[in-house]
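The values are calculated or read from the model by the stated rules, or taken from the named source; none is laboratory data. Every value quoted in this text rests on a predicted model; they were computed, and no experiment measured them. A quick note on method: Cβ atoms are made from the backbone with ideal geometry, for glycine too, and the neighbour counts reach across all protein chains shown.
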Amino acid sequence: MANDRYVSPLSERYASKEMQYIFSPDMKFRTWRKLWIALAETEQELGLPITDEQISELKAHADDINYEEAKAREKVVRHDVMSHVYAYGLQCPKAKGIIHLGATSCYVGDNTDVIIMREALRLVRRKLINVLAELAKFADEYKSLPTLGFTHFQPAQPTTVGKRATLWMQEFYLALVEVEHVLGNLKLLGSKGTTGTQASFLELFDGDLDKVDRLDPMIAEKMGFDGCVPVSGQTYPRLVDTIVLNALGIVASAAMKLGTDIRLLQHLKEVEEPFEKSQIGSSAMAYKRNPMRSERICSLSRYVMIDVLNPAVTAGTQWFERTLDDSANKRLSIPEGFLAIDGVLDLCLNVTDGLKVYPKVIEKRLMSELPFMATENIMMDAVKAGGDRQELHERIRELSMEAGRRVKEEGKDNNLLELIAADPAFHMSIEELQKSMEPSRYIGCAPHQVERFLRDVIRPVLEANKDILGEKAEINV
């Protein structure tokens, strides 16, 4: 590694080797050659004088790219596509004259971009499903463990640890639906020519419109797509990049929700992300266990969500049939969006695979607030014993304020039950009141909701994708 120049932390620290390869030059240039082969085969099938021998020659050198010749040629002609056409021609002298026949640079450039985004989205999808699998195990294990709920980060009605995990899962599931929708609707550019009119192909096929119409569908089929965009300028609609990055932004938002909640729970000492034996939490405070993975999830997710603006602005500023101010931005925003979300999902996999739950801490906090939650049940029991509902409601309000004041101003335990037991309006002993303090009485349908959500929504997804489950993630730093 060179230490005298900038190196992207996305490649050095965060993104997986698999995602990095998808956006590598080797992946790009190998795809160019596949596209040139698909074009030559299609043109032959539509009647152009291209021989089997020429196509065999192209296929024989599809993967052994002569990079040095291409680099040397690019220094002369300053054009990457024509440099690789030239280099391919050196290896394929018999086919040299029909490589890139009738096409413009966007034939390989734009089609390759779509193919690469599809491969990257497939990797995102795979990791999303594995995150759901880890959370499903966690939710099922803790579906019945009561915990204090929060609204506005203020104590609220109890829920369960597993039910809270389904909230994270629901958002990842919605993100998965969006990723799958985008994957299912991606189209190639096809071979549209310099302004999208296919004029060069109409010339090649001697004015035969039927052959020109058949060209794109045949290329799409060879490249594993169900079609090409029906109309375009020189490029595929740059709004496609916005749609793709927006899907990544949705994944990022779901991940940030997970990371934020875990950071808060770790502050409460209720749930912690994995912490390795030799891990250092702080250079000054040796006792610290910082939620650094969850913090990094939030940090990278924020980057992805902001990155969504790049292709949106680019798409809105494309002039007529094509302009080139998309190129430099696109080279950065698309790969880096994918590399960042890949890092996010690896972190999510790592964190969800090793979440540590502290039931005693959870119980202690819940029990300190449960007397307030139990007042409705206590009041109903007192009414059954002959009390006046309105009078009892006012007394509970006053006693609750007193108990809350004692906790906040004096730092003492919640003594609401003792105050109620001492109040003659309730005619209830402390033992009777304690019966109202069973946490499971206040979690509603939470365990059932977890079971139903896993059964009806998540497990069908996991079962349909069981061949890609079991993925683990190594975190570099």
The correct count of residues that are surrounded by 19 or more Cβ atoms within 10 Å (Cβ to Cβ) and assigned to a loop (DSSP other than H, G, I, E, B) in region 188-211 is 8
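Rundown of residues vs (1) more than 20 Å from the chain's Cα centre (by Cα); (2) under 19 Å from Leu174 (Cβ atoms); (3) crowded, with 23+ Cβ neighbours inside 10 Å, yes/no style:
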position	(1), (2), (3)
Pro93	yes, no, no
Lys96	yes, no, no
Cys106	yes, no, yes
Val124	no, yes, yes
Just one listed residue, out of Asp26, Asp52, is surrounded by fewer than 19 Cβ atoms within 10 Å (Cβ to Cβ) and within 33 Å of the chain's Cα centre (by Cα), and it is Asp26
By residue number, the members of region 103-134 that are more than 18 Å from Leu245 (Cβ to Cβ), part of a helix (DSSP H, G or I) and either touching a Pro at 6+ places or on another chain (Cβ under 8 Å) or aliphatic (A, V, I, L, M) (or both) are Val108, Ile129, Val131, Leu132, Ala133
Picking from Leu349, Leu366, the residue that is closer than 30 Å to Leu268 by Cα, modelled with pLDDT of 95 or more and not assigned by TED's automatic domain parsing to the domain that holds Glu171 would be Leu366
Reported set for region 212-222 where residues are touching a strand residue (DSSP E or B) at 6+ places or on another chain (Cβ under 8 Å) and crowded, with 20+ Cβ neighbours inside 10 Å is Asp216, Ile219, Ala220
Check region 420-432 and report whether any residue there is in a helix (DSSP H, G or I) and either modelled with pLDDT under 85 or within 21 Å of Thr160 (Cβ to Cβ) (or both).
yes
If you go through Leu10, Leu39, Leu46, the only one that is crowded, with 18+ Cβ neighbours inside 10 Å, within 22 Å of Arg118 (Cα to Cα), over 29 Å from the mean Cα position of the chain (by Cα) and not aromatic (Phe, Trp, Tyr) is Leu39
Among residues of region 63-91 being aromatic (Phe, Trp, Tyr) and buried (at least 19 other Cβ atoms within 10 Å of the Cβ), the residue nearest to the chain's Cα centre (by Cα) is Tyr88
Item to complete: Take Arg389 and decide whether it is exposed (fewer than 14 other Cβ atoms within 10 Å of the Cβ), at pLDDT 85 or above, touching a helix residue (DSSP H, G or I) at 6+ places or on another chain (Cβ under 6 Å) and not acidic (Asp, Glu).
Response: yes
Heads up, the helices (runs of 4 or more DSSP H) in region 280-386 (entirely inside) with at least 3 residues that are over 20 Å from Ser16 (Cα atoms) are 309-316, 327-353, 359-373, 375-384
Just one listed residue, out of Arg296, Arg302, is within 13 Å of the chain's Cα centre (by Cα) and either modelled with pLDDT of 95 or more or under 27 Å from Met367 (Cβ atoms) (or both), and it is Arg302
Of (1) assigned to a loop (DSSP other than H, G, I, E, B); (2) closer than 27 Å to Ser16 by Cα; (3) touching a His at 6+ places or on another chain (Cβ under 9 Å), Lys143 satisfies every one except (2)
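Sort out which residues of region 170-180 are over 10 Å from Leu128 (Cα atoms) and touching a residue at least 24 places away in the same chain (Cβ under 8 Å), and write them in order of number.
Listed by number, the residues that qualify are Gln170, Glu171, Leu174, Glu178, Glu180.
Pull up region 433-473, narrow it to residues that are in contact (Cβ under 8 Å) with a residue 12 or more places away in the chain and not in a helix (DSSP H, G or I), then point me to the one that is surrounded by the fewest Cβ atoms within 10 Å (Cβ to Cβ).
Here the answer is Gly470.
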Flagged pairs (Cβ under 6 angstrom, 6 or more apart or on separate chains; first in region 302-323, farther than 21 Å from Thr260 by Cα; second surrounded by fewer than 17 Cβ atoms within 10 Å (Cβ to Cβ)) are Asn310/Asn329; Thr314/Asn329; Ala315/Leu239; Glu321/Thr195
